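Reviewing the structure listed below.
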Amino acid sequence: MKIAFIGLGNMGGGMAANLVKAGHAVQAFDLSAEALDKAKGNGCAVFTTVREAVQGVDAVVSMLPNGGIVKSVYEADVLGQAPAGALFLDCSTIDLATAREVGEAAKAAGYEMVDAPVSGGIAAANGGTLTFMVGGSEEAFARAQTVLEPMAKAVIHAGELGAGQVAKMCNNMLLAIHMIGTCEALALAEKAGLSMQKFYEISSKSTGYNWSLNDYTPAPGVGAASPADNDYQGGFASALMLKDLRLAMAGAATAGASVPLGEHATKIYEAFNEAGNGGKDFGAIFTTL
Ligand code: NAD
């Protein structure tokens, strides 16, 4: 299959390389010359404009920083430029309203589009083990699966257009909330006279169990291995968690949903980022307690 890939950054670079490894012809574009050089080294054909990159393709995959960029790239250079019948897959994490708007614009121009945000970080992008949550029609999903599988551990049909972004924002809002709760419970246990390790042993087998506690324990040297054991380096950056929380808050406003703990978690990560901690793993909230 001939696939255009737009956005070859931390995530997109490895994803495009995995499409090449699976035997697809990948036509790559990024604004960064360095990213393009790397893609070339990984076997992609590189182009200096989006319009050239989408010529003759069966599918267009994008992995871009935000909704504004996704909208401008598709509206200016993909719609009407890619061949009729090409499938569009936006894997970026963006706001729900923009995901739906761009998908509808693609449909009006005669294309099928899915939103297909991912769970899993740079290691999963490089390793081809991302989880894709896909929003779009049954037919579009069936076509998307073939494109996504070489980059995936799992490809899940979430529902109609936008449902992938809904799944992503809800999952990451929940993740932020249980991470903060886990940090608070660990710190409280210690201060109240119960060692954090003993609390971990008990709560990880009790009703307090959750992924942040059981599999990614955010206190150094306690419980499961996590970036906490490496001074909160690597892992999932607090700046990216804040981005996802803001998308969830925008999505909640669009949907008219009440999310008081989500709002509070957003404020906590905002303060943490403003204090210069955006590069630290999101479990480093523990150090503020
Ligand atoms: P990144 O900043 O490393 O890469 C984005 C790339 O897009 C850059 O190479 C940039 O040059 C390029 N770009 C920007 N504007 C462009 C344009 N107009 N045309 C073409 N290329 C353009 O970001 P990333 O970490 O790869 O993240 C990409 C997306 O994946 C984001 O939406 C992010 O939220 C999501 N995501 C990231 C992670 C992660 O761990 N990094 C995990 C899950 C989801």
Can you tell me the length gained on complete extension of the stretch Glu34 to Ser72, counting 0.36 nm per residue apart and subtracting the Cα distance?
11.5 nm
Using +1 at the Cβ of each Lys and Arg and -1 at the Cβ of each Asp and Glu in the range 2-160, identify which of Tyr111, Thr48, Ala82 lies farthest towards the dipole's positive end.
Thr48
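For the ranges 28-41, 5-18, what's the packing order if you count other beta-carbon atoms within 10 Å of each residue, average per peptide, and put the highest first? Let's see the in-between values first.
Values: 28-41: 17.7, 5-18: 24.3.
Per-residue mean Cβ counts within 10 Å order the peptides as 5-18, 28-41.
So, counting K/R as plus one and D/E as minus one, what does the shell of residues with Cβ under 13 Å around Lys198 add up to?
Values: positive: Lys205; negative: Glu190, Glu201.
Counting the neighbours of Lys198, the net charge comes to -1.
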Give me the extension gain from Glu104 to Ala224: residue separation times 0.36 nm, minus the current Cα-Cα distance, reported in nm with one decimal.
38.8 nm
Helix-derived mean residue ellipticity, 222 nm - over the chain, DSSP H n ≥ 4, -39500 (n - 2.57), to 500
-14000 deg cm²/dmol
For the chain, what is the charge dipole size about the Cα centre, in debye to the nearest 20, if Lys and Arg each add +1 at the Cβ and Asp and Glu each add -1 at the Cβ?
300 debye
A 1.4 Å probe over the protein heavy atoms gives the chain a carbon and sulfur accessible-area percentage of 56 percent
Normalised by the number of residues in the range 166-288, what is the relative contact order in percent for Cα pairs under 8 Å and 6+ residues apart?
31 percent
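Arranged from highest to lowest average of other beta-carbon atoms within 10 Å per residue, in what order do the peptides 182-190, 102-110 appear? Intermediate values should be presented prior to the final figure.
Working: 182-190: 19.9, 102-110: 17.4.
Ranking, from highest mean packing down: 182-190, 102-110.
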Express in whole angstrom the spacing between the alpha-carbon centres of the range 91-148 and the range 20-76.
15 Å
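Using the Kirkwood radius over Cα pairs, work out the Stokes-Einstein diffusion coefficient for the range 165-258 at 10 °C and 1.306 mPa s, in µm²/s as a whole number. Show your work: numbers first, answer last.
Working: Rh = 14.3 Å.
The calculation lands on 111 µm²/s.
Just the ratio, please: alpha-carbon radius of gyration of the range 136-203 over 2.2 N^0.38 Å, N its number of residues.
That works out to 1.78 for the range 136-203.
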When the label point is put 7 Å from the Cα of Asn214 along its Cα-to-beta-carbon vector, which residues of the range 170-190 have a backbone N closer than 16 Å?
175, 178-179, 182
In square nanometres and to one decimal, what's the mean projected area of the convex hull around the Cα atoms of the range 2-160?
7.6 nm²
With a 1.4 Å probe and all protein chains left in place, how much accessible area per residue does the range 164-289 have, in Å²?
49 Å²
For the chain, what is the convex hull volume of the alpha-carbon atoms per residue, in Å³?
131 Å³
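The values are calculated or read from the model by the stated rules, or taken from the named source; none is laboratory data. The shown structure was predicted, so the numbers you read here are calculated from the model rather than taken from an experiment. Don't worry about glycine lacking a Cβ; one is built from the backbone with ideal geometry, like all the others, and counts go over all protein chains shown. Only protein heavy atoms, including side chains, enter the accessible area calculation; ligands, DNA and RNA are left aside. Shrake-Rupley method; radii C 1.70, N 1.55, O 1.52, S 1.80 Å.
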